[in-house]
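Here's the structure we're looking at; comments come further down.
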Amino acid sequence: MRLFKTFLIPFIFPVHLWSEIPEMILGEETIENGINLVFEVAIKDDVSPSNFFGNEENSDIHLEVLANWNESAPEGSQKGGFVPYLNVSAELKNQKTQITKSIDLLPHLNLSDNFHYALNTKLPGMRTDNYTIKFFIKPPDSSSLGYHYDWNQEVGSLIPKVEVFEYSNLDLETISNASRR
């Protein structure tokens with residue numbers, strides 16, 4: 001039994017540490033067609049390839065949007081499943097300097113959230129400043145997603161309009177100074 005504990009504990013310990021890493025939940029929203037959205041600011045991370053998803057060393061935060069089907073989703077949608085092909089972007093605004101930065105959040109995978117839209121990014125100012133983050137959830141490009149007749153007749157567009165969510169007076173200093181490793 002002692003041998004079992006010796007080998008098992010080192011594998012449990014890193015998982016426990018990983019679960020202690022904070023994420024800042026900005027809000028949880030629901031939009032048409034049974035889609036739940038969770039808006040988060042997380043600790044910057046090593047996401048490959050970094051030339052697309054933001055280099056960890058040159059970033060302050062990892063901005064995320066989780067988009068998942070809920071119980072009101074159209075027939076055939078898996079409850080809790082990822083909603084693909086959305087165009088997700090964010091505008092970060094430094095409330096002190098009024099400098100803004102716009103970014104596109106791209107789909108990628110991790111073990112805790114599975115598929116989600118996110119990007120490592122640098123803040124447009126000091127980590128000690130307060131920020132407003134405005135998220136834009138846009139329908140898929142017409143050339144990137146096809147719709148079968150039944151979906152067109154019953155549902156129409158994946159999302160019918162651009163949805164905008166804004167969160168202000170955000171203190172991001174603690175999470176921007178944190179490190180995963």
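Given +1 at the Cβ of Lys and Arg, -1 at the Cβ of Asp and Glu and no other charges, the dipole of the chain around its Cα centre is 600 debye to the nearest 20. Highest mean first, the peptides 40-49, 147-156, 85-94 sorted by other C-beta atoms within 10 Å per residue fall in the order 85-94, 40-49, 147-156.
Which whole-number percentage describes the relative contact order of the chain, with Cα contacts under 8 Å and a sequence gap of 6 or more? Once divided by the residue count of the chain, the mean separation gives 22 percent.
Our note on the geometry: Cα centres of the range 37-65 and the range 151-167, 26 Å apart.
For Leu123, the residues 5 or more places off, or on other chains, whose built amide H falls under 5 Å of its own are Asp60, Ile61.
Coupling constants for the range 139-152 follow from the phi torsions by the Karplus curve (6.51 cos²θ - 1.76 cosθ + 1.60, θ = phi - 60°), and in residue order they are x, x, 4, 4, 8, 9, 9, x, 10, 5, 3, 4, 5, 4 Hz; glycine and proline get x. Connecting C-alpha atoms closer than 10 Å in a GNM of the chain, tell me which of Ser77, Ser143, Ser102 has the biggest fluctuation. Comparing Ser77, Ser143, Ser102 in a Gaussian network model of the chain, the most mobile one is Ser143.
Put a dot 7 Å past the Cα of Thr128, heading toward its Cβ, do the same for Arg180, and the two dots end up 2.8 nm apart. For the pair Glu173 and Gln95 in one chain, pulling the backbone fully straight at 0.36 nm per residue adds 26.7 nm over the alpha carbon distance.
Accessible surface computed residue by residue for the chain, with neighbouring protein chains in place and a 1.4 Å probe, gives 60 Å² per residue. Listed by chain and number, the lysines whose C-alpha is less than 26 Å from the C-alpha of Lys138, apart from same-chain residues fewer than 8 away, are Lys44, Lys79, Lys93, Lys101, Lys122, Lys161.
At 1.4 Å probe size, with the rest of the protein present, what percent of the exposed accessible area of the chain is carbon and sulfur atoms? After summing per-atom areas, the C and S share lands at 54 percent. Given the choices (1) 0.99; (2) 1.05; (3) 1.18, Cα Rg over 2.2 N^0.38 Å derived from the coordinates of this structure is entry (3). Treating r as the C-beta distance of Glu75 and Ser102 and R0 as 45 Å, the FRET efficiency rounds to 0.80. In terms of the mean number of neighbouring beta-carbon atoms within 10 Å, the peptides 129-139, 164-174 order highest first as 129-139, 164-174.
The values are calculated or read from the model by the stated rules, or taken from the named source; none is laboratory data. Note that the structure is a prediction, hence the values are computed from the model and not measured. Note that we place each Cβ from the backbone using ideal geometry, even for glycine, and neighbour counts take in every protein chain shown. These area figures cover heavy atoms from the full protein model, side chains too; ligands, DNA and RNA do not enter into them. Shrake-Rupley method; radii C 1.70, N 1.55, O 1.52, S 1.80 Å.
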